[in-house]
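Please read the structure below before turning to the comments.
The values are calculated or read from the model by the stated rules, or taken from the named source; none is laboratory data. Since we're looking at a predicted model, the values are computed, not measured. No Cβ is skipped: glycine too gets one built from the backbone with ideal geometry, and neighbour counts run over all protein chains shown. Heavy atoms of the whole protein, side chains included, go into the accessibility calculation; ligands, DNA and RNA do not. Shrake-Rupley method; radii C 1.70, N 1.55, O 1.52, S 1.80 Å.
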Amino acid sequence: MYSAIQTATLWGLQGESVTVETDLLPGLPGLTLVGLPDQSVKESKERVRSAILNCGFGFPGRKIVVNLSPADRRKDGSHFDLPIAIGILCAWGKLDQTEVEDYAMIGELSLNGDVRGVKGALPLILALRSQGWKKIILPLENAGEMELIRDIKLYGVEHLQQVTAHLQGSRPLRLLQGETIQESDTKPQTEDFCQVVGQETAKRCVVLACGGMHGLLMNGSPGVGKTMIASRIPTVLPALTYDEILQVTGIYSAAGALYEREGEFSRPPFRAPHYSISASALIGGGQNPKPGEVSLAHNGVLFLDELPLFERKALELLRTPLEKGEVHVSRIRGNCVFPSRFLLVAAANPCACGYYGDPHRQCRCTASQLEQYRRKLSG
């Protein structure tokens, strides 16, 4: 018997609809996955088998073929577990296909049937919504990021049995209620410019830079307050709009870093990577492209402390994001675009020892050391 369950896959920040087709055929018992599954999807066979058995359904003793359509696009991620399990139960006759055809679903399964949260849930749900799906089943762990979506029906689940009971009509699931994110919903603000004593010129420059989203470089001796001022810049930026909140949350969800934004939906993000960061981690990329720090700082602040200590290659790669406000990542599988419109704030010492021009301490750098230090930064 044939069944089809709807889900989605993620490429960068772009979601694409995927149909999980399942059929039970005569032959030796076994489960075969086709449709260019990645290693994480191939491993779902054992998770799905154990989850179905531990939920008391048994397991069909027939040849099971699962196709992830379209078959010419590679699929990766553990969120295929739940639709594969439901597809097997439908093809086996344990669930009615007519009860499932109105739903799309995502979710990772544990061996005992628990439904666990997945990375990139928000862009996956947005992709399904854009395809016209109005009823979506997802892990309850991902409910927090779904507060931003208001115009579709979302059902949060914690166990595979809850899904089967809902589809059978015995125990309907409760809807996740979308809420409007307000400033009062965020965590208490602990940093403010009133905590910075003095440095009036620097604070005035910060206000002007924020007003026009102009890049800012603070140059001064260690301990004068460069980092303290930079960390408080998001407090003078305007709160994010609904569309900006949705975009920033989707980026963090795809990067698996949403816990860093918990309770801070409407505030501009602030990213301060260490100077040892690689160019790929700063800009984004990888075999399965993920957003880098420039995208995690989208609509917020990217702070580069000790600017001359960053790799020259990494700094040069910042040119395109600063000019175009986006990062283009090209791979054999295709191209993806990450938004990266941010306020660049950098801090640097005037020399290697940090005290060139300091009225209280003498600089120990030679002329050649001073020139070498300054040449690390290009235009």
query = Among all residue pairs at least 6 apart or on different chains, which show Cβ distances below 7 Å where the first residue, located in the stretch 69-82, is within 19 Å of Ile332 (Cα to Cα) and the second is of a type in the set (Ser, Thr, Tyr) and surrounded by fewer than 22 Cβ atoms within 10 Å (Cβ to Cβ)?
reply = Asp76/Ser40; Gly77/Ser40
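Going by the structure shown, is Glu43 charged (D, E, K, R), open to solvent by 10 Å² or more (accessible area, probe 1.4 Å) and at pLDDT 95 or above? Before you say what the answer is, go through the steps one by one.
On the way: charged (D, E, K, R): yes; open to solvent by 10 Å² or more (accessible area, probe 1.4 Å): yes; at pLDDT 95 or above: no.
So Glu43 does not fit the description; no.
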ask   = Quick one: how many residues across the stretch 265-296 are buried (at least 19 other Cβ atoms within 10 Å of the Cβ), within 15 Å of the chain's Cα centre (by Cα) and either part of a loop (DSSP other than H, G, I, E, B) or charged (D, E, K, R) (or both)?
value = 7
ask   = Any idea which of Tyr373, Tyr356 is within 19 Å of Phe310 (Cα to Cα), crowded, with 18+ Cβ neighbours inside 10 Å and not β-branched (Val, Ile, Thr)?
value = Tyr373
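Any chance the stretch 325-339 includes a residue that's part of a loop (DSSP other than H, G, I, E, B), modelled with pLDDT of 95 or more and under 27 Å from Glu260 (Cα atoms)?
Step one: list which residues in the stretch 325-339 are part of a loop (DSSP other than H, G, I, E, B), which gives 325, 332-333.
From the residues that got through so far, the ones that are modelled with pLDDT of 95 or more too are none.
There is no residue in the stretch 325-339 that is part of a loop (DSSP other than H, G, I, E, B), modelled with pLDDT of 95 or more and under 27 Å from Glu260 (Cα atoms).
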Lone unmet requirement of (1) under 27 Å from Gln39 (Cα atoms); (2) among the small types (Gly, Ala, Ser); (3) out of contact with any Phe, Trp or Tyr (no Cβ under 8 Å at 6 or more places or on another chain) for Gly334 = (3)
task = With the checklist (1) free of Cβ contacts under 8 Å to residues at least 40 places away in the same chain; (2) in contact with a strand residue (DSSP E or B) (Cβ under 9 Å, 6 or more places away or on another chain) in hand, flag the one item Ser17 doesn't pass.
result = (1)
query = From the set of residues in the stretch 108-146 that are of a type in the set (D, E, K, R) and farther than 24 Å from Thr98 by Cβ, which is least open to solvent (accessible area, probe 1.4 Å)?
reply = Glu145
task = Would you be able to say whether some residue in the stretch 247-263 is part of a loop (DSSP other than H, G, I, E, B), farther than 26 Å from Ser78 by Cβ and open to solvent by 30 Å² or more (accessible area, probe 1.4 Å)?
result = no
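Just to be sure I understand, how many residues within the stretch 147-161 are open to solvent by 60 Å² or more (accessible area, probe 1.4 Å) and under 27 Å from the mean Cα position of the chain (by Cα)? Before the answer, list the steps.
Quick first cut of the stretch 147-161, residues open to solvent by 60 Å² or more (accessible area, probe 1.4 Å) only: 150-151, 153, 158, 161.
Those left that are additionally under 27 Å from the mean Cα position of the chain (by Cα): 150-151, 153, 158.
Within the stretch 147-161, residues that are open to solvent by 60 Å² or more (accessible area, probe 1.4 Å) and under 27 Å from the mean Cα position of the chain (by Cα) number 4.
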ask   = Filtering the stretch 162-183 down to residues that are open to solvent by 40 Å² or more (accessible area, probe 1.4 Å) and of a type in the set (Ser, Thr, Tyr), which residue is modelled with the lowest pLDDT?
value = Thr180
query = Restricting attention to the stretch 297-311, which residues are assigned to a loop (DSSP other than H, G, I, E, B) and within 21 Å of the chain's Cα centre (by Cα)?
reply = Ala297, His298, Asn299, Gly300
task = Residues being in contact with an Asp or Glu (Cβ under 7 Å, 6 or more places away or on another chain) and either among the aliphatic types (A, V, I, L, M) or not in a loop (DSSP other than H, G, I, E, B) (or both): count how many of those fall in the stretch 207-246.
result = 4
message = Quick check on the stretch 1-22: of everything there that is in contact with a helix residue (DSSP H, G or I) (Cβ under 6 Å, 6 or more places away or on another chain) and either more than 30 Å from Val327 (Cα to Cα) or among the basic types (Lys, Arg) (or both), which residue is surrounded by the fewest Cβ atoms within 10 Å (Cβ to Cβ)?
response = Met1
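Could we say that Ser330 is under 20 Å from the mean Cα position of the chain (by Cα), surrounded by fewer than 14 Cβ atoms within 10 Å (Cβ to Cβ) and under 20 Å from Ala279 (Cα atoms) here? Give the steps one after another, and end with the answer.
Numbers: under 20 Å from the mean Cα position of the chain (by Cα): yes; surrounded by fewer than 14 Cβ atoms within 10 Å (Cβ to Cβ): yes; under 20 Å from Ala279 (Cα atoms): yes.
Criteria met by Ser330.
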